[in-house]
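Written out below as structure tokens is the structure these notes cover.
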Amino acid sequence: MNFGIEHPQALYALLLLIPSHFQMNKRFKRLIREFSSADSSPAAKEHLKKIKTRFMLRMISTLCAWVMLIAAIAGFYWGTVSVPVQKSGKEVSFVFDISYSMEATDAPGGMTRLESAANYASELLDHMQNVSVSVVLAKGEATVAIPVTEDYNAIRSLLTSLSPKLITSPGSSLGNGIRAALSSFPKESSRASFIWVFTDGEETDSSLAQVLSETVDYGIPTAIIGFGSEHESSVMAGDGTTAVQTALRSKQIQKTIESVQKKATKQKWANLPLLMFTDASEVGSAYKLMQYIKPSASNVDARNLSASKEKATDASVVYEVKSIPRSPMFTGLAIFFFVLSFVFCEFNSLPQFEKKSSAKKGSVLASIIFVTMLTSCSGKFSNGAKILEGRLDYNRKDYQGAIANFLEAYDSAKVTDDKTSQEYALFGLASTYLMQDENESAIKRFEQITSSAPENIRFSVYYNTGIIAHKNGDYAKAAKMFKNALEIDSTNINAKINLELSLEENAVQARKSEQQLSPVTEEKEEVSPLESAIYSLLREKETEQWKNSQKDSAERNSLDY
């Protein structure tokens with residue numbers, strides 16, 4: 001069982017129970033001594049017995065409430081649960097097994113398995129758009145050859161030079177390769193991560209099963225692509241003299257995946273097919289991989305309504321394995337025992353109430369009503385607790401944890417029709433996306449916040465939308481958003497300054513546009529040499545005709561004269 005304590009230092013507060021226990025015992029003995037000396041009749045002894053019972057029950061309840069409160073502060077957690085995490089974009093880590101078994105020439109076309117894997121990966125790159133890729137080389141050890149990048153040319157140049165000689169360590173460890181792939185992904189990345197392993201399945205340390213369980217725990221889908229023939233073939237080992245038999249271990253890989261999935265089934269993770277195997281020689285194997293990284297792939301739980309809505313956008317909702325925090329449960333128990341300590345004070349004997357005291361009955365009834373109110377408000381309390389937890393993750397810059405908590409609070413608030421919690425959860429999501437420079441996702445969440453939201457949320461929505469518009473160069477929209485924010489809070493200095501800056505930038509942008517405008521002029525078209533020659537001949541003929549007409553006119557005039 002996944003068990004742990006987030007803040008174990010809080011358990012030192014349990015030491016305070018020792019002096020408090022002595023203090024309670026001291027008060028108890030003094031109380032008994034006073035009652036015993038006052039009256040020694042049988043009725044007084046019976047009454048003293050009831051007092052002892054009530055005092056002991058109250059002391060035990062108070063101590064239990066204190067223990068539960070400390071446990072809540074310590075942050076106990078056990079068990080796992082799938083939580084929705086919204087991702088924008090994708091990143092894939094290519095893990096190439098470059099052990100000497102990949103030098104066997106049993107791939108299609110007489111190529112080696114390693115050459116076939118390189119060509120296969122290059123073909124995949126041709127169909128991957130806006131997907132970041134890292135490259136890991138695995139042998140006895142593993143190394144990240146190319147960090148996460150979208151420069152496919154650099155990856156292709158490495159694919160042409162894959163060789164077992166790139167790593168000197170002997171053996172073949174697919175587990176080390178997958179662990180290196182996990183480390184290649186940036187922490188708190190806003191992209192959905194995937195791992196593709198190009199191998200023949202030969203390994204010397206049998207670490208594949210353990211590492212695949214780790215990828216399932218991280219919620220990262222892992223695909224293994226097999227290369228080579230299932231029939232044994234001979235290949236030279238690293239020493240250059242020993243010949244070994246090797247083949248594609250597809251059955252062994254599938255058996256490993258099935259064993260990991262059985263463990264996942266016990267943990268109620270069967271609905272998340274995070275592992276797959278495909279033979280590279282099968283028709284449609286590349287299509288399976290490309291479908292694997294699409295938002296509509298099986299790593300998205302289609303039964304979740306919020307996930308189905310996100311499929312229409314570029315973002316996708318994936319599910320990650322998270323430990324279940326038990327702080328809310330311990331907090332509820334602490335409140336329960338605290339209320340119970342007051343309830344026990346009103347008992348005259350158990351389980352009967354004192355019949356002559358209506359005030360005590362009223363006190364007990366009030367306690368019962370209080371507990372009922374706590375139960376009825378548990379939904380809103382849990383939503384608020386999730387939002388608070390998301391805010392704490394946000395302050396710690398644990399943005400993935402914050403997104404998970406805000407999404408869970410939003411889904412729960414929709415089920416309970418808690419409008420206020422929905423608004424705060426949406427605002428938390430948008431703010432977290434904004435910190436990750438996911439401006440489009442932030443705008444979509446801001447647009448979901450209604451006009452009936454609290455004023456502080458509506459002000460922040462307008463203000464942050466104005467900031468995004470200003471960054472995008474849409475100064476007119478930015479000015480409009482800041483004006484709307486000032487209509488809610490006219491005393492905010494930052495909003496006033498940003499409004500003036502947006503108006504000034506908008507005016508400068510308008511002046512630049514006016515300067516770029518110019519009157520339309522007729523441009524002389526270029527004349528071809530043939531047309532120039534024809535025009536020259538026409539002009540010469542016109543000139544000769546004009547001269548002849550002038551000569552004839554002069555002769556006529558002279559005759560007339």
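The values are calculated or read from the model by the stated rules, or taken from the named source; none is laboratory data. Owing to the predicted nature of the structure, the values given are computational and were not obtained by experimental measurement. We place every Cβ from the backbone using ideal geometry, glycine too, and count neighbours over all the protein chains shown. For the accessible areas, the whole protein counts, side chains as well, though only heavy atoms, and no ligand, DNA or RNA atoms are used. Shrake-Rupley method; radii C 1.70, N 1.55, O 1.52, S 1.80 Å.
Below are the figures for this structure:
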read-out	value
So residue 192, is it aliphatic (A, V, I, L, M) and touching a helix residue (DSSP H, G or I) at 6+ places or on another chain (Cβ under 6 Å)	no
Residue 79 being at pLDDT below 90 and open to solvent by less than 10 Å² (accessible area, probe 1.4 Å)	no
The range 420-474: number of residues that are among the small types (Gly, Ala, Ser), surrounded by 19 or more Cβ atoms within 10 Å (Cβ to Cβ) and part of a loop (DSSP other than H, G, I, E, B)	1
Residue that is crowded, with 21+ Cβ neighbours inside 10 Å and over 28 Å from residue 441 (Cβ atoms), where the choices are 136, 92	136
Residue under evaluation residue 375, criteria (1) at pLDDT 65 or above; (2) under 22 Å from residue 67 (Cα atoms); (3) not acidic (Asp, Glu), criterion not met	(1)
Scan of the range 480-491 for residues that are surrounded by fewer than 16 Cβ atoms within 10 Å (Cβ to Cβ) and in contact with a Phe, Trp or Tyr (Cβ under 8 Å, 6 or more places away or on another chain), ordered by number	489
Count of residues meeting criterion [in a helix (DSSP H, G or I), surrounded by fewer than 20 Cβ atoms within 10 Å (Cβ to Cβ), free of Cβ contacts under 8 Å to residues at least 60 places away in the same chain and of a type outside the set (S, T, N, Q)] in the range 394-413	1
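Here is a yes/no grid of residues against (1) farther than 29 Å from residue 251 by Cα; (2) aliphatic (A, V, I, L, M); (3) at pLDDT below 90:
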residue	(1), (2), (3)
110	no, no, yes
124	no, yes, no
130	yes, no, yes
177	no, no, no
199	no, no, no
